[in-house]
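One structure below.
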Amino acid sequence: MSKKNLFTPLSIFMRKRLTSIPPDFPFNSSQFKCSTSLLSPAPSITPYDRLLHEPSRYFGNVRVSIRSVCSASSQKIESRCWNCHAIPESAPFLVCQSCRSIQPVDKSIDYFDIFGLEKNYDIEVKNLEGEYKNWQKKIHPDLVHSKSEKERDFAAEQSAKVIDAYRTLTRPLSRAIYLLKLEGIEVDDEQTVSDPELLAEILEIREAVEDAADSEALNHIRSEMQEKLKHWSNVFADAFQSRNFEEAKSSIQRMTYYERVTDEVAKKL
């Protein structure tokens, strides 16, 4: 290579390269700005824009229309009332505001959505009862006894889901388990205790329950269990907030046993 070529300015070199780009190259050279110092993409061009210039692309052996995919992803999919085809005025869409027909269960609606809550562990439980009663006034199966079998089935399913949502969210333990479930983490309630310290504590508590002579002793044990539940409930809340799911699962295991003891004491009182 001659010395002359070695000292060719970068801007001239890049212009020569750009003019040699074949016409069927997937990206248009006009999308780029050329200066004497560097070659940079135009700010107005995004990866989404570049995709739109490609009619299709192969993913393995499958040919996919890029324009179709991009267009479909930008469209909002709306549900409509099965009876009058009205668009929902608010969420969650359990009952049509236009014709008052009860809608089929939508699996994408979780228990927190039903009560208009953020997916947090710390919630105002006292506010759930009023909202629960409001839903039952709209979707209880007795309200549609004269309607079609289809709508009666919808009412039974929606009512059952709202009842389960209320029971799940009102109890700290079931609420904690449900939150992990939404994160894709299943909790085994019957998992064997492997922590020696927890196992020894459980055995000691069970002995105390069996040896309790009167209701005063049982009430004392129940108060202790409630304090422990409150403590580990707070531990779970912190762990879930920081997304420490292993510690959250460990907290649930302890809460499970303390709640069982509480239930046993209640049966004896």
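The values are calculated or read from the model by the stated rules, or taken from the named source; none is laboratory data. Quick caveat: nothing in here was measured; it's all calculated off a predicted structure. Backbone-built Cβ (ideal geometry, glycine too); neighbour counts: all protein chains shown. The protein model used for the area step is the full one, side chains on, heavy atoms only, and it has no ligands, DNA or RNA in it. Shrake-Rupley method; radii C 1.70, N 1.55, O 1.52, S 1.80 Å.
Carbon-plus-sulfur fraction of the accessible area of region 214-269, 1.4 Å probe, in percent? Could the numbers behind the result be given before it?
On the way: 1440 of 3240 Å².
The computed percentage sits at 44.
Could you tell me what percent of the accessible area of region 66-201 is made up of carbon and sulfur, with a 1.4 Å probe and every protein chain present?
On the way: 4030 of 8450 Å².
For region 66-201, the apolar C and S fraction of the accessible surface comes to 48 percent.
Under 12 Å from the Cβ of Ser233, count the other residues' Cβ atoms, weight Lys and Arg +1, Asp and Glu -1, and hand me the total.
It works out to a net charge of +1.
Would you rank Asp122, Asp214 by solvent-accessible area, highest first, keeping every protein chain in place and using a 1.4 Å probe?
Listed by decreasing accessible area, they come as Asp122, Asp214.
Do any GluC sites (Glu not before Pro) in region 146-248 lie in a DSSP loop with no more than 10 other beta carbon atoms within 10 Å, and if so, which?
Of the GluC sites (Glu not before Pro), the ones in loops of region 146-248 whose Cβ has at most 10 other Cβ atoms within 10 Å are Glu186, Glu190.
What is the magnitude of the charge dipole of region 83-192 about its Cα centre, with +1 placed on the Cβ of each Lys and Arg, -1 on the Cβ of each Asp and Glu, and no other charges, expressed in debye to the nearest 20?
The dipole of region 83-192 has a size of about 520 debye.
With all protein chains present, calculate the accessible area of His231 using a 1.4 Å probe and round the result to the nearest 10 Å².
100
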